[in-house]
Amino acid sequence: MRRNLWRNFDFLLFGAVVFMCLFGIVMIESAIAGNEELTGYPQRQAIFVAGGLVMVIIMAAIDYHLWSSIARFIYVFAFAALFVIYVYGEARFGSARWIDTGLILIQPSEIVKILMIMVLADHFARTWDDKKDFKWILKSFILTFGIVVWILLQPNLSTSIVIFVIWFALLWISGLPVKFLAILAVVGILLVVLAFPFLEEYQQARILNFIFPDPEASYGDVYNIQQSKIAIGSGGWFGEGYGQGTQVQLRFLKVRHTDFIFSVVAEEFGFVGTTAIIALMAFIIVRCIRVAQTASDRYGSLLAFGYAAMLFFQTAINIGVNLNLVPVSGLPFPFLSYGGSSLVSSIVGIGLVESVALRKKIIQ
């Protein structure tokens, strides 16, 4: 039975993720070249990748129904972790998002994204046959907001939006009536408008600079967006070559190993290289959706679909930021950007999807 079970392991999905992670290490090496302060980052990323891949196997081996049975405990754990970070968090870049363990910095909100997929998938699976009315929507919203509020207080607007996107994606796939779409859209716009005055100054500046760009500005909040566009344009069709991008190697482009890693790929490998990376991410997302479609039950299907929605949104927003199509958000490119917490979270999610894949119709 065990041998037959592992025959359902999605090796194509796993292989695509491994390739993306390894390529990310290579691009981080190029992005931080010559910067002595960041010298060890590629090695650290490699350690996170290795640990994450081990977690894929562990998560796949665990029957995903276990997470449904302890969904309430997972919710309480997520709540407690975020409360601790709010009280005791290590302040970095104007927000308290990290816990310093002495060895590494942990960003609980990244792990909470996966935990909320587990919790919300369980909630919608249990309420699948309930009447799809406003009360049904409100219950799931309250469940989600009970966690998101602590992320907003860090402040971490981008991760909060990601969790709301996961909530809406699962709400939609669970049978959200079309008549509620317009209502939710209006409510969402009103909340954004009302919340704007309460955002941090740097968050307001990002939004205002995007909506009302100053064509004469070449510094401050618009500087890196300009450098990103120059880097992407410099890449042309085939790029300037690995380690040869001027914007990257001369350090005109900032935070190039994290939020703007896509621009590094574009400058060094051009349109062809970025198209290949986007196609690979699309392949990973489609494989996750395929697992959702072949899952043995609703809970497994919702787990895989929720994770696919998270990957799609983060990838689209990261690329959009690099192309100046959306305001700067701080969301990393999944598997590619530097960052231990975000990388491990993304890879653990793959293990969760693989667990669902393993337990579809078992081959006898």
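Here is the figure for segment 132-145: residues that are surrounded by 13 or more Cβ atoms within 10 Å (Cβ to Cβ) and part of a helix (DSSP H, G or I) total 8. Considering segment 67-103, the residues that are within 22 Å of residue 48 (Cα to Cα), modelled with pLDDT under 65 and out of contact with any Lys or Arg (no Cβ under 9 Å at 6 or more places or on another chain) include one that is surrounded by the most Cβ atoms within 10 Å (Cβ to Cβ), namely 97. Exactly one condition in (1) touching a Phe, Trp or Tyr at 6+ places or on another chain (Cβ under 9 Å); (2) in a helix (DSSP H, G or I); (3) of a type outside the set (Phe, Trp, Tyr); (4) more than 23 Å from residue 68 (Cβ to Cβ) is not met by residue 154; state its number. For residue 154, the exception is condition (2). Screening 33, 46 for residues that are under 29 Å from residue 246 (Cβ atoms), touching a Gly at 6+ places or on another chain (Cβ under 7 Å) and surrounded by fewer than 18 Cβ atoms within 10 Å (Cβ to Cβ) leaves exactly one candidate, 33. Within segment 309-330, being of a type in the set (Ser, Thr, Tyr) and touching a Leu at 6+ places or on another chain (Cβ under 8 Å) holds for one residue alone: 329.
Against the condition surrounded by fewer than 13 Cβ atoms within 10 Å (Cβ to Cβ) and part of a helix (DSSP H, G or I), how does residue 184 come out, does it pass?
no
If I filter segment 135-159 down to residues being among the hydrophobic types (A, V, I, L, M, F, W, C) and in contact with a strand residue (DSSP E or B) (Cβ under 9 Å, 6 or more places away or on another chain), which single residue comes out as farthest from residue 315 (Cα to Cα)? Looking at the filtered set, the residue picked out is 153. Restricting attention to segment 235-289 and to residues that are of a type in the set (Phe, Trp, Tyr) and part of a loop (DSSP other than H, G, I, E, B), the residue that is nearest to residue 319 (Cα to Cα) turns out to be 260. Just to be sure before I move on: is residue 165 free of Cβ contacts under 8 Å to residues at least 12 places away in the same chain and part of a helix (DSSP H, G or I) in the structure I sent? No.
Conditions (1) within 23 Å of the chain's Cα centre (by Cα); (2) within 17 Å of residue 356 (Cβ to Cβ); (3) loosely packed, with under 13 Cβ neighbours inside 10 Å, marked per residue:
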residue	(1), (2), (3)
7	no, yes, yes
23	yes, no, no
51	yes, no, no
65	no, yes, no
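Once segment 330-354 is narrowed to residues that are over 21 Å from residue 211 (Cα atoms) and part of a loop (DSSP other than H, G, I, E, B), the residue that is modelled with the lowest pLDDT is 339. Flag: residue 293 does not match the condition of being crowded, with 23+ Cβ neighbours inside 10 Å and not β-branched (Val, Ile, Thr).
Among the numbered conditions (1) farther than 22 Å from residue 326 by Cα; (2) in contact with a His (Cβ under 8 Å, 6 or more places away or on another chain), the only one that residue 264 does not meet is (1). Scanning segment 168-181 for residues that are in a helix (DSSP H, G or I), of a type outside the set (Phe, Trp, Tyr) and within 23 Å of the chain's Cα centre (by Cα) yields 169, 170, 171, 173. Of the numbered criteria (1) closer than 17 Å to residue 59 by Cα; (2) within 20 Å of the chain's Cα centre (by Cα), the one residue 282 fails is (1).
The residue that is modelled with the lowest pLDDT, counting only those in segment 104-131 that are part of a loop (DSSP other than H, G, I, E, B) and in contact with a Phe, Trp or Tyr (Cβ under 8 Å, 6 or more places away or on another chain), is 107.
Of everything in segment 297-329, what is assigned to a loop (DSSP other than H, G, I, E, B) and among the hydroxyl-bearing types (Ser, Thr, Tyr)? Give them in sequence order.
Scanning segment 297-329 gives a single hit, 329.
If you scan segment 275-286, which residues turn out to be under 13 Å from residue 350 (Cβ atoms) and buried (at least 21 other Cβ atoms within 10 Å of the Cβ)? Those that are under 13 Å from residue 350 (Cβ atoms) and buried (at least 21 other Cβ atoms within 10 Å of the Cβ): 281, 284.
The values are calculated or read from the model by the stated rules, or taken from the named source; none is laboratory data. In this text, all values refer to a predicted model and were calculated from it rather than measured experimentally. Ideal geometry is used to build each Cβ from the backbone, glycine not excepted, and the neighbour counts take in all protein chains shown.
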